[in-house]
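A short worksheet on the structure shown next.
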Amino acid sequence: MSTIELGELPPADEEPEHTGSFRWPRRHIRQAGAVLATVLCAATLAGSAVAPEPHGVRPLWSIELDDAQSTTLSRDRLFVHRSLNGRATVTAYDLATGTVIWQHAFDGTIGYLQAVDPAGVILVPSEAHVVTMSTSDDGSSYSTEFHRRTVAISMATGAELWRATGEPYSIGDDTVLLTEYTDRADLARMRLVRLSDRSTIWTRETPGVKNQTVLPTVHPERIVTATATGAIKIFSYASGKLITSATVPWSQGNPTEGYYNDLTGTGELLVVNRTRREKLDMSVYRLDTMTELWKMDGSGFNGFAFPCGATLCVSNSTGLEVYDPVTGARRWTLDGASNASMVSADRLMIGDSLGRPDGPNQLVDVATGTPVGEPLNGTLTWGDLKESSMLLLRTTVSPPDRTAVVRWDLETGRQRVLGAVDRIPDGACQTVPGYLACHSTGRFQVLAVN
């Protein structure tokens with residue numbers, strides 16, 4: 001692969017890729033931060049920190065990856081999970097050189113690896129259990145999976161450090177919240193464990209719990225649980241002590257029909273979404289007292305509410321609406337906005353790149369709804385939300401059919417093309433500071449980014 005230095009982005013009206021005006025696709029907004037973070041674990045969209053001049057991107061190394069189940073990045077390692085004949089192997093590669101550092105074999109299959117850089121630990125869910133859930137009288141059903149055990153291995157050596165019951169739910173610098181489930185996938189127990197020595201800080205039984213979340217999702221302070229009848233309990237994340245409880249309106253969940261309950265919010269507020277295909281039904285409560293502050297019953301249109309910075313974002317059939325989370329006063333709207341994702345404390349990314357490659361994207365100020373910088377076509381990469389910029393990939397026109405790597409400053413909206421490499425077909429890339437790692441046609445390639 002060769003590198004072409006392209007310099008600054010030209011104005012939009014000089015760029016072949018940007019023919020025509022920017023249009024907001026009319027699709028439902030999806031949260032790619034905490035929900036993504038739930039679905040996607042504690043995943044998030046972002047990129048590497050802005051580095052000093054000179055800027056550029058260059059290939060470092062690649063490996064065949066046809067037989068791999070998943071990949072996970074730390075600040076300086078790539079961990080590849082492969083399975084064969086019911087046995088799993090994790091291989092650690094040096095991110096700068098591609099050198100194999102160690103391999104660790106497991107008896108049986110494992111789940112998605114989670115690297116905890118501050119603790120120097122990789123958490124490996126094991127002993128998967130699949131449950132088939134019936135949802136209605138017509139025989140429809142869906143499947144859910146959880147893991148009965150977690151194995152902690154050393155990021156440096158691959159040696160096993162400890163094992164514990166439960167699977168990782170929320171991870172801090174030196175703690176992990178482990179959740180244990182019944183055979184019917186109901187939450188049975190929560191435990192906060194210290195990563196360094198597996199010591200239990202606190203444990204709590206949770207009979208009847210159907211939903212749970214931590215708030216805020218980054219550096220959580222509260223744990224929220226809910227039963228099938230809407231009995232809510234709020235616990236301290238640090239001590240496990242009960243803070244308050246209440247019973248709120250709840251709905252009968254049916255995921256196959258698009259009916260479900262969702263808990264989200266901030267460090268001060270709890271948002272209960274009772275999602276329906278035909279309506280938005282949402283209530284906002286104070287976390288410390290469970291006092292209802294305001295609610296929204298949007299009969300006639302569907303939607304979803306999620307926190308975005310210091311505001312509350314609500315999607316509906318026409319676009320994005322942003323509300324004061326305490327009073328419910330509407331602050332601003334953006335008709336036709338699609339796929340809103342929090343990419344920093346005060347920036348939303350709105351666009352279609354989550355739905356298709358090279359889709360349009362626009363940075364927006366959360367407080368005012370004002371666009372920040374010019375729109376840009378491309379596919380966002382996954383990385384650390386604490387960084388001040390993100391990387392975006394787009395197909396080049398001249399020379400044709402290559403992939404340009406663009407750094408997008410989240411504060412100013414400034415766009416800088418770092419270079420171009422051989423085409424990355426699906427744009428499935430992750431970033432950590434200094435590196436871009438991508439799946440591409442059966443291979444996994446690592447590039448240096450400055």
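Checked against the criterion of being within 20 Å of the chain's Cα centre (by Cα) and farther than 28 Å from H129 by Cβ, the stretch 78-98 has at least one qualifying residue. Only residues that are touching a Phe, Trp or Tyr at 6+ places or on another chain (Cβ under 6 Å) and in a loop (DSSP other than H, G, I, E, B): list them for the stretch 186-211, please. Selection gives R198 alone. Just one of the numbered conditions (1) at negative phi; (2) in contact with a Phe, Trp or Tyr (Cβ under 6 Å, 6 or more places away or on another chain); (3) modelled with pLDDT under 85 is not true of R330: (3).
Scanning the stretch 424-438 for any residue that is on the phi > 0 side of the Ramachandran plot, in contact (Cβ under 8 Å) with a residue 40 or more places away in the chain and within 20 Å of the chain's Cα centre (by Cα) turns up at least one such residue.
Condition check for H439 on (1) part of a strand (DSSP E or B); (2) modelled with pLDDT of 90 or more: one failure, at (2).
Among the residues of the stretch 307-352, those that are in a loop (DSSP other than H, G, I, E, B), of a type outside the set (V, I, T) and under 21 Å from V272 (Cα atoms) comprise G309, A310, N316, S317, D324, P325, G328, A329, N339. Look at the stretch 196-222: where a residue is free of Cβ contacts under 8 Å to residues at least 24 places away in the same chain and a partner is hydroxyl-bearing (S, T, Y), sitting 6+ places away or on another chain with Cβ atoms under 7 Å, you get T206/T225; G208/T227; V209/T225; V209/T227. Looking across the stretch 61-99, the residues that are in contact with a Ser or Thr (Cβ under 7 Å, 6 or more places away or on another chain) and either assigned to a loop (DSSP other than H, G, I, E, B) or of a type in the set (S, T, N, Q) (or both) come down to Q69, S83, G86.
Screening R198 on (1) under 14 Å from T175 (Cα atoms); (2) out of contact with any strand residue (DSSP E or B) (no Cβ under 6 Å at 6 or more places or on another chain); (3) among the basic types (K, R) shows it passes everything except condition (2). Picking from residues in the stretch 136-166 that are polar (S, T, N, Q) and closer than 28 Å to W202 by Cα, the one that is modelled with the lowest pLDDT is T144. Look at (1) closer than 18 Å to P216 by Cβ; (2) surrounded by 15 or more Cβ atoms within 10 Å (Cβ to Cβ) and you find that D288 fails only one, number (2). Exactly one residue among A404, A337 is aliphatic (A, V, I, L, M), buried (at least 18 other Cβ atoms within 10 Å of the Cβ) and under 30 Å from D297 (Cβ atoms), and that residue is A337.
Is it true that G369 is touching a strand residue (DSSP E or B) at 6+ places or on another chain (Cβ under 6 Å), at pLDDT below 85 and not polar (S, T, N, Q)? In short, no. If we keep just the residues of the stretch 62-116 that are of a type in the set (D, E) and under 23 Å from D384 (Cα atoms), which is modelled with the highest pLDDT? Of everything passing the filter in the stretch 62-116, D94 is modelled with the highest pLDDT.
Looking at V405, V372, V421, V449, just one residue is touching a Phe, Trp or Tyr at 6+ places or on another chain (Cβ under 7 Å) and not hydroxyl-bearing (S, T, Y), and that residue is V449. Read through the list (1) modelled with pLDDT under 85; (2) of a type outside the set (K, R); (3) within 21 Å of the chain's Cα centre (by Cα); (4) not in a strand (DSSP E or B), then give the number of the only condition that N261 fails. Single failed check for N261: (4).
If I153 satisfies all but one of (1) under 21 Å from P220 (Cβ atoms); (2) crowded, with 18+ Cβ neighbours inside 10 Å, what's the number of the condition it fails? Result: I153 fails condition (1) only. Looking at T227, is it out of contact with any Pro (no Cβ under 8 Å at 6 or more places or on another chain), in contact (Cβ under 8 Å) with a residue 60 or more places away in the chain and under 16 Å from V271 (Cα atoms)? Answer is no for this residue.
The values are calculated or read from the model by the stated rules, or taken from the named source; none is laboratory data. Here the structure is a predicted model, which is why all the values come from computation and not from measurement. Quick reminder, even Gly has a Cβ in these numbers, built from the backbone with ideal geometry, and neighbours come from all protein chains shown.
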